[in-house]
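Visitor: Encoded as C-alpha coordinates, here's the structure I'll be asking about.
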Amino acid sequence: PGKAPTPPPSPPFPPGLAPTPPPLPPPYPTAKMTAALVPAARQLSVLAPAFGLHTALISRVTLRVPPLGDLYLEDAIGAAAALWLAPRCVPPLAALSSPASEPSLPRLSRRRLAFLLAALGARYLLSGCIKQGAGWLLAAATPRLAAPRAWALATLAGHLAWVGMAVRLLGDELGFFAPRSAWLRLDWSASWLRWVLCGAAACVPAFELASSLAPSPELGLGALASAAPTITAQITSLDDGLAFALSVFTACASGPFLEEVLYRGFLLRALRQHMPLGLAAPASAALFALHHGTGPGQPTLPLAALGLVFSATFVGSGNLAVSILTHSLWNLRVVALSRLR
(Lines give C-alpha, C1' and ligand atoms only; values in the text may rest on other atoms or scores of the structure.)
Protein backbone atom coordinates (compact mmCIF):
# COMPACT_ATOMS: atom_id res chain seq x y z
CA PRO A 1 0.00 0.00 0.00
CA GLY A 2 1.14 3.58 -0.79
CA LYS A 3 3.44 2.52 -3.64
CA ALA A 4 2.87 3.66 -7.22
CA PRO A 5 1.94 0.86 -9.56
CA THR A 6 4.77 -0.37 -11.71
CA PRO A 7 4.19 0.54 -15.39
CA PRO A 8 3.94 -2.40 -17.70
CA PRO A 9 7.07 -3.14 -19.68
CA SER A 10 7.18 -1.55 -23.12
CA PRO A 11 6.77 -3.96 -25.98
CA PRO A 12 10.03 -4.89 -27.70
CA PHE A 13 10.71 -3.20 -31.04
CA PRO A 14 11.25 -5.32 -34.10
CA PRO A 15 14.89 -5.63 -35.13
CA GLY A 16 16.08 -2.56 -37.06
CA LEU A 17 13.13 -0.38 -35.96
CA ALA A 18 14.33 0.58 -32.49
CA PRO A 19 14.46 4.38 -32.14
CA THR A 20 17.98 5.79 -32.08
CA PRO A 21 18.81 8.76 -29.87
CA PRO A 22 19.64 11.99 -31.70
CA PRO A 23 23.37 12.40 -32.33
CA LEU A 24 25.23 14.63 -29.96
CA PRO A 25 26.61 17.86 -31.43
CA PRO A 26 30.34 17.68 -32.16
CA PRO A 27 32.53 19.29 -29.53
CA TYR A 28 33.78 22.80 -30.21
CA PRO A 29 37.03 22.36 -32.15
CA THR A 30 39.11 24.51 -29.83
CA ALA A 31 42.24 22.44 -30.19
CA LYS A 32 41.95 22.35 -33.97
CA MET A 33 41.43 26.11 -34.21
CA THR A 34 44.34 26.75 -31.88
CA ALA A 35 46.57 24.48 -33.91
CA ALA A 36 45.69 26.51 -37.02
CA LEU A 37 45.82 30.00 -35.51
CA VAL A 38 49.00 29.76 -33.46
CA PRO A 39 51.37 29.09 -36.41
CA ALA A 40 49.65 31.80 -38.45
CA ALA A 41 49.96 34.32 -35.61
CA ARG A 42 53.64 33.53 -35.13
CA GLN A 43 54.38 34.04 -38.80
CA LEU A 44 52.34 37.25 -38.93
CA SER A 45 54.31 38.58 -35.95
CA VAL A 46 57.45 38.29 -38.11
CA LEU A 47 55.84 39.38 -41.38
CA ALA A 48 54.39 42.66 -40.06
CA PRO A 49 57.67 44.24 -38.82
CA ALA A 50 59.54 42.92 -41.86
CA PHE A 51 57.03 44.62 -44.13
CA GLY A 52 57.26 47.86 -42.14
CA LEU A 53 61.06 47.82 -42.26
CA HIS A 54 61.08 47.15 -46.00
CA THR A 55 58.53 49.85 -46.79
CA ALA A 56 59.82 52.60 -44.51
CA LEU A 57 63.60 52.11 -44.81
CA ILE A 58 64.83 49.58 -47.35
CA SER A 59 62.76 51.05 -50.19
CA ARG A 60 64.69 54.32 -49.83
CA VAL A 61 68.23 52.92 -49.73
CA THR A 62 70.30 53.06 -52.91
CA LEU A 63 73.53 51.24 -53.68
CA ARG A 64 76.32 52.50 -55.91
CA VAL A 65 77.20 49.71 -58.34
CA PRO A 66 79.89 50.91 -60.84
CA PRO A 67 78.71 48.90 -63.86
CA LEU A 68 75.02 49.59 -63.22
CA GLY A 69 75.03 52.95 -61.50
CA ASP A 70 72.57 53.56 -58.68
CA LEU A 71 70.61 50.51 -57.66
CA TYR A 72 67.82 50.39 -55.13
CA LEU A 73 68.48 47.94 -52.32
CA GLU A 74 64.93 46.58 -52.64
CA ASP A 75 65.63 45.69 -56.29
CA ALA A 76 68.68 43.66 -55.24
CA ILE A 77 66.68 41.93 -52.52
CA GLY A 78 63.88 41.25 -54.98
CA ALA A 79 66.30 39.73 -57.49
CA ALA A 80 67.71 37.44 -54.79
CA ALA A 81 64.16 36.47 -53.78
CA ALA A 82 63.33 35.68 -57.41
CA LEU A 83 66.38 33.41 -57.59
CA TRP A 84 65.12 31.59 -54.49
CA LEU A 85 61.63 31.24 -55.93
CA ALA A 86 62.59 30.16 -59.45
CA PRO A 87 63.71 26.56 -58.81
CA ARG A 88 60.83 26.03 -56.38
CA CYS A 89 58.08 27.53 -58.52
CA VAL A 90 58.97 26.53 -62.07
CA PRO A 91 57.93 22.91 -62.61
CA PRO A 92 59.70 20.56 -65.04
CA LEU A 93 59.56 21.51 -68.71
CA ALA A 94 57.18 18.63 -69.41
CA ALA A 95 54.62 20.19 -67.07
CA LEU A 96 55.05 23.55 -68.78
CA SER A 97 54.41 22.18 -72.26
CA SER A 98 51.51 19.79 -71.80
CA PRO A 99 48.05 20.02 -70.21
CA ALA A 100 47.57 18.26 -66.90
CA SER A 101 44.87 17.98 -64.29
CA GLU A 102 45.14 17.50 -60.56
CA PRO A 103 43.88 14.00 -59.69
CA SER A 104 41.53 15.24 -56.97
CA LEU A 105 40.15 18.15 -59.00
CA PRO A 106 36.88 17.64 -60.93
CA ARG A 107 37.42 18.18 -64.62
CA LEU A 108 35.58 21.08 -66.23
CA SER A 109 34.56 20.91 -69.86
CA ARG A 110 35.43 23.87 -72.05
CA ARG A 111 31.77 24.73 -72.39
CA ARG A 112 31.25 24.80 -68.64
CA LEU A 113 34.42 26.81 -68.12
CA ALA A 114 33.23 29.34 -70.71
CA PHE A 115 29.85 29.51 -68.97
CA LEU A 116 31.46 30.18 -65.58
CA LEU A 117 33.70 32.89 -67.01
CA ALA A 118 30.75 34.57 -68.73
CA ALA A 119 28.67 34.35 -65.54
CA LEU A 120 31.48 35.86 -63.48
CA GLY A 121 31.89 38.66 -66.02
CA ALA A 122 28.18 39.43 -65.93
CA ARG A 123 28.22 39.58 -62.15
CA TYR A 124 31.24 41.88 -62.23
CA LEU A 125 29.43 44.29 -64.54
CA LEU A 126 26.38 44.10 -62.29
CA SER A 127 28.51 44.98 -59.27
CA GLY A 128 29.67 48.10 -61.13
CA CYS A 129 26.04 49.11 -61.60
CA ILE A 130 25.44 48.50 -57.89
CA LYS A 131 28.37 50.76 -57.06
CA GLN A 132 26.98 53.52 -59.26
CA GLY A 133 23.49 53.08 -57.82
CA ALA A 134 24.83 53.18 -54.27
CA GLY A 135 26.68 56.40 -55.07
CA TRP A 136 23.56 58.07 -56.45
CA LEU A 137 21.48 56.84 -53.50
CA LEU A 138 23.98 58.16 -50.97
CA ALA A 139 24.16 61.51 -52.75
CA ALA A 140 20.35 61.82 -52.77
CA ALA A 141 19.65 60.49 -49.26
CA THR A 142 22.54 62.11 -47.40
CA PRO A 143 23.50 65.32 -49.18
CA ARG A 144 25.64 66.38 -46.22
CA LEU A 145 27.80 63.25 -46.41
CA ALA A 146 31.34 64.12 -47.43
CA ALA A 147 32.19 63.16 -51.00
CA PRO A 148 35.20 60.95 -50.07
CA ARG A 149 33.14 59.01 -47.55
CA ALA A 150 30.27 58.58 -50.02
CA TRP A 151 32.73 57.33 -52.65
CA ALA A 152 34.30 54.87 -50.19
CA LEU A 153 30.91 53.53 -49.09
CA ALA A 154 29.69 53.16 -52.68
CA THR A 155 32.91 51.39 -53.66
CA LEU A 156 32.62 49.05 -50.68
CA ALA A 157 28.98 48.30 -51.54
CA GLY A 158 29.84 47.41 -55.12
CA HIS A 159 32.82 45.34 -54.05
CA LEU A 160 30.89 43.39 -51.42
CA ALA A 161 28.17 42.72 -53.99
CA TRP A 162 30.82 41.39 -56.37
CA VAL A 163 32.35 39.22 -53.63
CA GLY A 164 28.97 37.83 -52.62
CA MET A 165 27.85 37.03 -56.17
CA ALA A 166 31.17 35.46 -57.16
CA VAL A 167 31.39 33.35 -54.00
CA ARG A 168 27.79 32.23 -54.44
CA LEU A 169 28.39 31.24 -58.07
CA LEU A 170 31.54 29.24 -57.35
CA GLY A 171 29.92 27.64 -54.32
CA ASP A 172 26.75 26.61 -56.18
CA GLU A 173 28.45 25.42 -59.36
CA LEU A 174 31.63 23.83 -57.99
CA GLY A 175 31.17 23.47 -54.25
CA PHE A 176 34.28 25.62 -54.09
CA PHE A 177 34.07 26.54 -50.41
CA ALA A 178 32.86 23.20 -49.07
CA PRO A 179 34.87 21.90 -46.06
CA ARG A 180 36.67 19.21 -48.06
CA SER A 181 36.55 20.81 -51.48
CA ALA A 182 39.46 20.01 -53.79
CA TRP A 183 39.26 23.55 -55.20
CA LEU A 184 40.00 25.53 -52.04
CA ARG A 185 43.67 24.90 -51.32
CA LEU A 186 43.95 27.33 -48.42
CA ASP A 187 45.97 26.47 -45.31
CA TRP A 188 46.84 29.25 -42.88
CA SER A 189 48.57 26.84 -40.49
CA ALA A 190 51.19 25.80 -43.05
CA SER A 191 54.70 27.24 -43.17
CA TRP A 192 54.20 30.12 -45.62
CA LEU A 193 56.42 32.91 -44.20
CA ARG A 194 59.42 32.43 -46.52
CA TRP A 195 57.15 32.12 -49.53
CA VAL A 196 55.34 35.36 -48.76
CA LEU A 197 58.51 37.32 -47.95
CA CYS A 198 60.22 36.20 -51.16
CA GLY A 199 57.09 36.64 -53.26
CA ALA A 200 56.49 40.18 -51.99
CA ALA A 201 60.14 41.08 -52.57
CA ALA A 202 60.12 39.60 -56.09
CA CYS A 203 57.11 41.75 -57.02
CA VAL A 204 59.29 44.89 -56.97
CA PRO A 205 61.77 44.00 -59.77
CA ALA A 206 59.00 42.23 -61.71
CA PHE A 207 56.89 45.39 -61.72
CA GLU A 208 59.89 47.60 -62.54
CA LEU A 209 61.07 45.38 -65.38
CA ALA A 210 57.60 45.19 -66.91
CA SER A 211 57.23 48.97 -66.52
CA SER A 212 60.42 49.51 -68.49
CA LEU A 213 59.05 47.34 -71.31
CA ALA A 214 55.57 48.89 -71.28
CA PRO A 215 54.53 51.53 -73.84
CA SER A 216 54.48 54.07 -70.99
CA PRO A 217 57.82 53.50 -69.24
CA GLU A 218 57.15 56.38 -66.86
CA LEU A 219 54.82 54.05 -64.92
CA GLY A 220 57.51 52.87 -62.53
CA LEU A 221 57.26 51.76 -58.94
CA GLY A 222 55.04 54.10 -56.99
CA ALA A 223 53.55 55.61 -60.14
CA LEU A 224 50.79 53.05 -59.89
CA ALA A 225 49.35 55.17 -57.12
CA SER A 226 49.30 58.29 -59.30
CA ALA A 227 48.05 56.69 -62.52
CA ALA A 228 44.50 57.99 -62.52
CA PRO A 229 41.87 56.76 -62.57
CA THR A 230 43.08 53.68 -60.68
CA ILE A 231 41.37 52.95 -57.39
CA THR A 232 44.73 53.17 -55.60
CA ALA A 233 45.14 56.79 -56.69
CA GLN A 234 41.71 57.62 -55.33
CA ILE A 235 42.47 55.85 -52.03
CA THR A 236 45.74 57.66 -51.43
CA SER A 237 44.11 61.03 -52.07
CA LEU A 238 41.48 60.50 -49.35
CA ASP A 239 41.72 62.77 -46.30
CA ASP A 240 38.70 61.35 -44.49
CA GLY A 241 39.83 58.74 -41.94
CA LEU A 242 36.81 56.47 -42.22
CA ALA A 243 36.79 56.62 -46.01
CA PHE A 244 40.50 55.80 -46.07
CA ALA A 245 40.05 52.83 -43.69
CA LEU A 246 37.15 51.40 -45.70
CA SER A 247 39.05 51.77 -48.95
CA VAL A 248 42.21 50.15 -47.56
CA PHE A 249 40.12 47.21 -46.35
CA THR A 250 38.66 46.83 -49.84
CA ALA A 251 41.99 47.12 -51.65
CA CYS A 252 44.25 45.25 -49.23
CA ALA A 253 42.04 42.58 -47.61
CA SER A 254 38.81 41.53 -49.30
CA GLY A 255 39.99 42.43 -52.81
CA PRO A 256 43.16 40.28 -52.80
CA PHE A 257 41.26 37.39 -51.22
CA LEU A 258 38.60 37.27 -53.93
CA GLU A 259 41.00 37.94 -56.79
CA GLU A 260 43.36 35.17 -55.72
CA VAL A 261 40.45 32.77 -55.31
CA LEU A 262 39.25 33.64 -58.81
CA TYR A 263 42.47 33.96 -60.80
CA ARG A 264 44.76 31.47 -59.06
CA GLY A 265 42.50 29.13 -57.10
CA PHE A 266 39.92 28.71 -59.89
CA LEU A 267 40.96 30.10 -63.28
CA LEU A 268 44.61 29.01 -63.35
CA ARG A 269 43.77 25.45 -62.32
CA ALA A 270 40.78 25.24 -64.65
CA LEU A 271 42.83 26.46 -67.62
CA ARG A 272 45.57 24.02 -66.65
CA GLN A 273 43.18 21.18 -67.55
CA HIS A 274 43.01 22.37 -71.17
CA MET A 275 46.38 23.98 -71.87
CA PRO A 276 49.99 23.81 -70.68
CA LEU A 277 50.99 25.71 -67.58
CA GLY A 278 53.23 27.86 -69.76
CA LEU A 279 50.05 29.22 -71.38
CA ALA A 280 47.60 28.96 -68.49
CA ALA A 281 49.68 31.17 -66.15
CA PRO A 282 50.10 34.05 -68.66
CA ALA A 283 46.42 33.78 -69.64
CA SER A 284 45.22 34.09 -66.05
CA ALA A 285 47.72 36.91 -65.44
CA ALA A 286 46.49 38.77 -68.53
CA LEU A 287 42.86 38.49 -67.41
CA PHE A 288 43.93 39.65 -63.96
CA ALA A 289 45.50 42.77 -65.51
CA LEU A 290 42.51 43.45 -67.76
CA HIS A 291 40.23 43.16 -64.73
CA HIS A 292 41.97 46.24 -63.32
CA GLY A 293 41.34 48.28 -66.47
CA THR A 294 43.03 49.25 -69.69
CA GLY A 295 43.84 52.46 -71.44
CA PRO A 296 46.07 55.48 -70.80
CA GLY A 297 47.48 55.61 -67.30
CA GLN A 298 46.70 51.96 -66.57
CA PRO A 299 49.87 49.84 -66.10
CA THR A 300 48.44 46.72 -67.75
CA LEU A 301 51.74 44.98 -68.52
CA PRO A 302 53.21 45.56 -65.02
CA LEU A 303 50.01 44.23 -63.48
CA ALA A 304 50.26 41.14 -65.67
CA ALA A 305 53.82 40.66 -64.39
CA LEU A 306 52.49 40.81 -60.84
CA GLY A 307 49.89 38.21 -61.80
CA LEU A 308 52.70 35.92 -62.96
CA VAL A 309 54.49 36.34 -59.62
CA PHE A 310 51.29 35.53 -57.72
CA SER A 311 50.76 32.48 -59.95
CA ALA A 312 54.32 31.30 -59.37
CA THR A 313 54.01 31.52 -55.59
CA PHE A 314 50.73 29.63 -55.66
CA VAL A 315 52.02 26.90 -57.99
CA GLY A 316 55.22 26.51 -55.98
CA SER A 317 53.68 26.50 -52.52
CA GLY A 318 50.36 24.84 -53.38
CA ASN A 319 48.75 27.17 -50.84
CA LEU A 320 46.37 29.98 -51.74
CA ALA A 321 47.29 31.76 -48.50
CA VAL A 322 50.70 32.58 -49.99
CA SER A 323 49.36 34.40 -53.04
CA ILE A 324 46.65 36.14 -50.99
CA LEU A 325 49.19 37.56 -48.54
CA THR A 326 51.66 38.45 -51.31
CA HIS A 327 48.91 40.30 -53.17
CA SER A 328 47.76 42.06 -50.01
CA LEU A 329 51.29 43.20 -49.14
CA TRP A 330 51.81 44.62 -52.63
CA ASN A 331 48.62 46.67 -52.49
CA LEU A 332 49.37 47.81 -48.96
CA ARG A 333 52.89 48.75 -50.00
CA VAL A 334 51.66 50.92 -52.87
CA VAL A 335 49.23 52.72 -50.56
CA ALA A 336 51.83 53.16 -47.81
CA LEU A 337 54.54 54.50 -50.14
CA SER A 338 52.09 56.93 -51.70
CA ARG A 339 51.08 58.27 -48.30
CA LEU A 340 54.71 58.56 -47.18
CA ARG A 341 55.64 60.51 -50.29
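Visitor: Are there any chymotrypsin sites (Phe, Trp or Tyr not before Pro) in segment 131-191 that are in a DSSP loop and have at most 16 other Cβ atoms within 10 Å? List them by number. Write down the numbers at each step before the final one.
Guide: Working: sites: Trp136, Trp151, Trp162, Phe176, Phe177, Trp183, Trp188; in loops: Phe176, Phe177, Trp183, Trp188.
Loop-located and lightly packed - Phe177.
Visitor: With a 1.4 Å probe and every protein chain kept in, tell me what percent of the accessible surface of segment 41-178 is carbon plus sulfur.
Guide: C and S fraction of accessible area: 68 percent.
Visitor: Let me ask something else. What does the charge count around Phe288 come to, taking other residues whose C-beta lies under 11 Å from its C-beta (Lys +1, Arg +1, Asp -1, Glu -1)?
Guide: That works out to -1.
Visitor: Compare Arg64, Arg264 by solvent-accessible area with a 1.4 Å probe and give them largest first, with all protein chains kept in place.
Guide: Highest to lowest solvent-accessible surface, that is Arg64, Arg264.
Visitor: Still on this structure, I have one more. Around Ala161, what is the net charge, scoring Lys/Arg as +1 and Asp/Glu as -1 over all other residues with Cβ under 14 Å from its Cβ?
Guide: Net charge in that neighbourhood comes out at +3.
Visitor: While we're here: Please report the net charge: other residues with Cβ closer than 14 Å to the Cβ of Pro99, K and R +1, D and E -1.
Guide: Result for the local shell: +3.
The values are calculated or read from the model by the stated rules, or taken from the named source; none is laboratory data. Just so it is clear, the model here is predicted, and its values are computed rather than measured. Please note: Cβ atoms are built from the backbone with ideal geometry, for glycine as well, and neighbour counts cover all protein chains shown. Just so you know, the surface numbers come from the protein's heavy atoms only, side chains and all, with ligands and any DNA or RNA stripped out. Shrake-Rupley method; radii C 1.70, N 1.55, O 1.52, S 1.80 Å.
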